[in-house]
1. Do you know which residues across the range B:86-102 are modelled with pLDDT of 95 or more, more than 8 Å from B:TYR35 (Cα to Cα) and of a type outside the set (Gly, Ala, Ser)?
2. Just need a number here: residues in the range B:53-111 that are touching a Pro at 6+ places or on another chain (Cβ under 8 Å) and more than 13 Å from chain A (Cβ to nearest Cβ).
3. Suppose we keep only residues that are under 10 Å from B:GLN104 (Cβ atoms) and crowded, with 22+ Cβ neighbours inside 10 Å within the range A:87-106. Which one would you say is farthest from the other protein chains (Cβ to nearest Cβ)?
4. Considering each residue of the range A:74-104, count those that are outside any strand (DSSP E or B), among the polar types (S, T, N, Q) and either within 10 Å of the chain's Cα centre (by Cα) or over 28 Å from B:VAL55 (Cα atoms) (or both), and give that number.
5. Looking at the range A:1-53, what strands (runs of 3 or more DSSP E) fall wholly within it and have at least 2 residues that are touching a residue at least 40 places away in the same chain (Cβ under 8 Å), crowded, with 18+ Cβ neighbours inside 10 Å and more than 11 Å from every other protein chain (Cβ to nearest Cβ)?
6. Determine which member of the set B:GLU44, B:GLU83, B:GLU14, B:GLU53 is touching a residue at least 40 places away in the same chain (Cβ under 8 Å), under 28 Å from A:VAL4 (Cα atoms) and charged (D, E, K, R).
7. Report, by residue number, each residue of the range A:54-66 that is among the small types (Gly, Ala, Ser) and either touching a residue at least 24 places away in the same chain (Cβ under 8 Å) or buried (at least 17 other Cβ atoms within 10 Å of the Cβ) (or both).
8. Tell me whether the range B:55-67 contains one or more residues that are of a type in the set (Gly, Ala, Ser) and under 11 Å from the mean Cα position of the chain (by Cα).
Amino acid sequence: RKEVEQDPGPFNVPEGATVAFNCTYSNSASQSFFWYRQDCRKEPKLLMSVYSSGNEDGRFTAQLNRASQYISLLIRDSKLSDSATYLCVVKRGAGNMLTFGGGTRLMVKP
Amino acid sequence: EAGVVQSPRYKIIEKKQPVAFWCNPISGHNTLYWYRQNLGQGPELLIRYENEEAVDDSQLPKDRFSAERLKGVDSTLKIQPAELGDSAVYLCASSSQGGVSYEQYFGPGTRLTVT
């Protein structure tokens, strides 16, 4: 079993739709959680950190459930420019060691 | 501020040939990472450097892969000899431990094709 698991998708949604991605992690010692975004043939970039209390950044909302070892990302009012792969990332231990999920591909259509 | 620089961007070689990738991290970032990303998968860490010291190389296939970061700045990753299964994107990232954020900044990657 992979340490970080995601549904690979693709999720095909129309502009303006709300879409949610889920991610599960297996190591209960994981300390920090992030969502990275990766455009086609580009490098990953940090989208947002995920905090225990949940956090929002504009149209993006991230949630963490430590008991269920589950992370989610909600995108409201999807834009064409949101089309990308969203990588769920967990950090455990000292030393900034990140483990990436396989990514969920989102395609927003006009 | 310049980002992480990698070269070459693309490389096509025949199997059994050697290949090397170069990375220059963001100025002042003392931590450098090499990742491999296979098609349709997330990046997987190969090796992490703190300054010039390799502090985690447990995922580096040491029979054919080697890396160095001699002066604690830029780094090279080498494969010798390359195998068909080494075809992937090799990403370099860097981070600073000086601030609250440990965000890793990635370079554009080197896309390796082994034929």
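1. B:ASP86, B:VAL89
2. 9
3. Restricting to residues being under 10 Å from B:GLN104 (Cβ atoms) and crowded, with 22+ Cβ neighbours inside 10 Å, the top hit is A:VAL89.
4. Restricting attention to the range A:74-104, the residues satisfying the condition of being outside any strand (DSSP E or B) are A:76-83, A:93-97, A:101-103.
Then keep just the ones that are among the polar types (S, T, N, Q); that gives A:78, A:81, A:83, A:96.
Next, only the ones that are either within 10 Å of the chain's Cα centre (by Cα) or over 28 Å from B:VAL55 (Cα atoms) (or both) stay: A:78, A:81, A:83.
Number of matching residues: 3.
5. Working: elements: A:4-6, A:11-14, A:19-25, A:30-38, A:44-50.
Answer list for the range A:1-53: A:19-25, A:30-38.
6. B:GLU83
7. Keep residues of the range A:54-66 that are among the small types (Gly, Ala, Ser), which gives A:54, A:58, A:62.
Within the range A:54-66, just A:ALA62 meets the criteria.
8. Pass one, the range B:55-67, residues of a type in the set (Gly, Ala, Ser): B:58, B:66-67.
Restricting the remaining residues to those that are under 11 Å from the mean Cα position of the chain (by Cα) gives B:66-67.
Yes, the range B:55-67 contains a residue that is of a type in the set (Gly, Ala, Ser) and under 11 Å from the mean Cα position of the chain (by Cα).
The values are calculated or read from the model by the stated rules, or taken from the named source; none is laboratory data. Fair warning: this is a prediction, and the values are worked out from it, not measured in the lab. Every residue, glycine among them, receives a Cβ derived from its backbone with ideal geometry; neighbour counts consider all protein chains shown.
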